[in-house]
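Working notes, beginning with the structure itself.
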Amino acid sequence: MNLPMEPSRLAEMFGMPEATDSKLDDEAGRIAALRRYNVLGSAPERAFDRITSLVKTILNVPIVAVSLVDQDRQWFKSCIGLDVRETKRQDAFCDHTIRTRQAMVVPNAALDPRFASNPLVLGPPHIVSYAGVPLNAPDGYNIGSLCVIDTVPRDFDNQQIEVLKSFAAIVVDEFELRLLAGTDELTGAVSRRAFIAEADKAVARFERYALPSAIVAFDIDHFKQVNDTYGHPAGDKVLRAIGACISEMTRPSDAFGRLGGEEFAVLLADTEAGDAYVAAERFRHALEHLIIEHNVPIRITASFGIAALGGGCRTRDAWLASSDAQLYRAKQTGRNRCCAETLS
């Protein structure tokens, strides 16, 4: 049987321009794919450190990093040979790597017009040569790269690039395993995947026994301003504080999940719509009065959307969509408030 050849391979064979890859140009989708892993700002983990250590030994390089490219920074999940956890995105070699499906090799940065005046070349860590392979998530987005750096000119041959590609695939597999593990390390909340699994169980209980449940979805108001004003480490501190605050207020039978960057939800078991609204107001009030210790203490608010099972919400997707719609309404009507379809 003759299998169809990949478009990139056809373009290479016949000298044709490669077809446009829409996901390489979809920055909003790429950032969403990165945030899905809830890994930015998380503590070092042995699985990733083992990968960078092995790559360092095999390729005999002084610097190896698992680099994740955020909106305005490059953040290292694991790094050997550098004392920093992040750099500006505009200076990151890896920001160039994520814009292609291929490995990027820079034999001598001083001779490359893209990087000759880069502060990471002219100053510490004095990058001279670089090779990076995109970290391609299962949904097709490049969330970062596995890269190696040397302080002397060198090329990287095909065999070495294949080694990088193999380990890059392992890095992505580790991120997927983190999702399956079910817990977000930064906030202590369950992952989006684990939360959805709990929602499916609640729907099944409702169908079989008519047991009520409600979802309280909430989103931190103007969270981007926190990062822009105080920096990403402060933003991570805020998320940790929110996780601790809400976790203390939920029951063992509830499920508290982090669904995205600053998006959370609480699944309230055995709870009718009215009681869910009361609970949401308690959460809102607690967050409004939460003081996050920093050089300048940080205060935040959040907007809440409540949806109970029943009526038009008899499937998991409809239930989540309803809570999202009410959350959106809360934001559109002034923020720092709770909205529910039948109660507000």
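Structure notes:
- Residue check, ALA276 out of contact with any Cys (no Cβ under 6 Å at 6 or more places or on another chain) and either over 26 Å from TRP75 (Cα atoms) or in a helix (DSSP H, G or I) (or both): yes
- Residue tally, condition part of a helix (DSSP H, G or I), surrounded by fewer than 19 Cβ atoms within 10 Å (Cβ to Cβ) and not hydrophobic (A, V, I, L, M, F, W, C), over segment 146-173: 6
- Looking only at segment 81-117, and only at residues there that are without any contact (Cβ under 8 Å) to a residue 40 or more places away in the chain and among the acidic types (Asp, Glu), the one that is surrounded by the most Cβ atoms within 10 Å (Cβ to Cβ): ASP95
- For segment 215-225, the candidate set comprises residues that are in contact with an Asp or Glu (Cβ under 9 Å, 6 or more places away or on another chain) and either in a helix (DSSP H, G or I) or outside the structural domain of HIS285 (by TED's automatic domain parsing) (or both); within that set, the residue that is modelled with the lowest pLDDT is LYS224.
- Search result, residues across segment 295-344 that are farther than 29 Å from TYR209 by Cβ, in a helix (DSSP H, G or I) and free of Cβ contacts under 8 Å to residues at least 40 places away in the same chain: TYR328, ARG329, ALA330, GLN332
The values are calculated or read from the model by the stated rules, or taken from the named source; none is laboratory data. Everything quoted here is computed from the prediction, not taken from an experiment. So basically every Cβ, Gly included, is an ideal-geometry build from the backbone, and we count neighbours across all protein chains shown.
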